[in-house]
Amino acid sequence: MQTKLIGITGALCLACAAALPAFAEQDPNLNPTYAAAAATMSPVGTPVGGVSSVDRGIGAIRGATWFSAAKFTVPLLSGTPPLTYSTQHYYTSPGAAYPTAYFAQVDLEPGALVDMITCVVDDSSTTNDFSAQLQHYYTNLWTGDRSSATVTGGDVSTSGSAGVQYVQSSLSPAITFTSFDASVNTLHQYYIRANVASDTPFAGCWLFWTRQISPAPATASFSDVQTTNTFFQHIEAIKSAGVTNGCGSGNFCPNDYVTRGQMAAFLARALGLAYRW
C-alpha cells in the first residue's frame with residue numbers, strides 16, 4: 001500500500017525547549033522554535049516531543065498510537081550513531097550505506113489488542129529499502145532465560161523508490177499486550193525495530209489497537225449473577241477492576257436501580273478520578 005502523506009497542523013509545547021539533544025534542535029516535533037514550520041509539516045498523528053501518543057478516547061474503540069522516529073534511540077550495534085534529523089520530521093541513519101537497525105520500546109496498556117502496524121517512510125533510494133518489525137521479548141524472572149520473536153504479521157517494508165508512502169501489515173492473529181505473566185513469572189516487552197539507511201528517511205510507525213473487556217472467570221463472584229447471565233462477563237470485569245463490590249451479602253443486585261450517588265462512585269472508580277489540589 002502506497003499513499004502520499006498529508007500534513008496537518010500541530011501545536012508545540014513551549015516548555016520542551018530546555019536541554020534538547022542535537023538532533024532535536026532541528027526537528028519541529030521537538031523544538032518549539034519551529035512552530036510556524038511545524039504547522040504545515042507535521043504528518044498525521046505526529047505527537048509533540050517525539051513521544052508516543054494515543055489517538056483515541058475511553059472505551060473499546062479502535063485507535064492508534066504513534067511512535068515518532070525520534071523514539072528509535074537504541075541501535076542494534078554499539079558505536080552506531082543515532083538517527084539524524086533530515087527534513088519534515090523524517091530521520092536517517094548517518095553514513096549507513098545499508099539499512100541499520102534501531103529500536104523503540106512499545107508502551108501500551110496491558111490487555112490492548114494490537115491488529116496492525118503502519119510506518120511512514122520516504123524511500124527514494126534505488127539501492128536500499130526500509131523495513132520494520134514488531135518484536136516480542138520474554139524474560140523468565142525465575143531462571144533469567146531470555147528469548148524473542150517477531151510478531152506474526154508484524155513485518156513491513158518498502159520495495160523500490162516510491163517516495164513518501166505508508167507501509168502496513170495486519171497482525172495474524174492480533175495479539176494481546178501483556179506486561180507480566182505471574183503464572184510463569186515472565187516479563188513481556190515489545191519493541192519496534194526499524195531498519196534505516198542514510199537514503200531512506202523514516203518518520204515513524206503507528207500501532208493500531210483496541211481495548212478489551214477482561215475474559216469471564218470460571219466461577220461467579222456474586223451469588224445472584226451466575227455464569228449464564230447475559231451480563232456476567234461485564235459485571236465480573238467491573239468487579240475485577242475495583243469499580244464495584246456489589247450491594248452486600250455477596251450479591252450484585254443486577255436488577256436494582258442505580259442512584260446518582262452510586263453512579264458517582266462507579267464513575268470515580270472506573271476513571272480513577274482524584275482530588276486536585
Of all the residues that make up the range 228-260, how many are acidic (Asp, Glu) and outside any loop (DSSP other than H, G, I, E, B)?
1
Of the residues GLY204, GLY242, which single one is small (Gly, Ala, Ser) and over 30 Å from SER148 (Cα atoms)?
GLY242
Within the range 81-100, can one find any residue that is within 20 Å of GLN189 (Cβ to Cβ), of a type in the set (A, V, I, L, M, F, W, C) and crowded, with 17+ Cβ neighbours inside 10 Å?
no
I'd like to check which strands (runs of 3 or more DSSP E) are fully inside the range 19-107 and have at least 2 residues that are modelled with pLDDT of 70 or more.
62-68, 84-87, 90-92, 100-106
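The values are calculated or read from the model by the stated rules, or taken from the named source; none is laboratory data. Given the structure is predicted, the values throughout are model-derived calculations rather than measurements. Note that we place each Cβ from the backbone using ideal geometry, even for glycine, and neighbour counts take in every protein chain shown.
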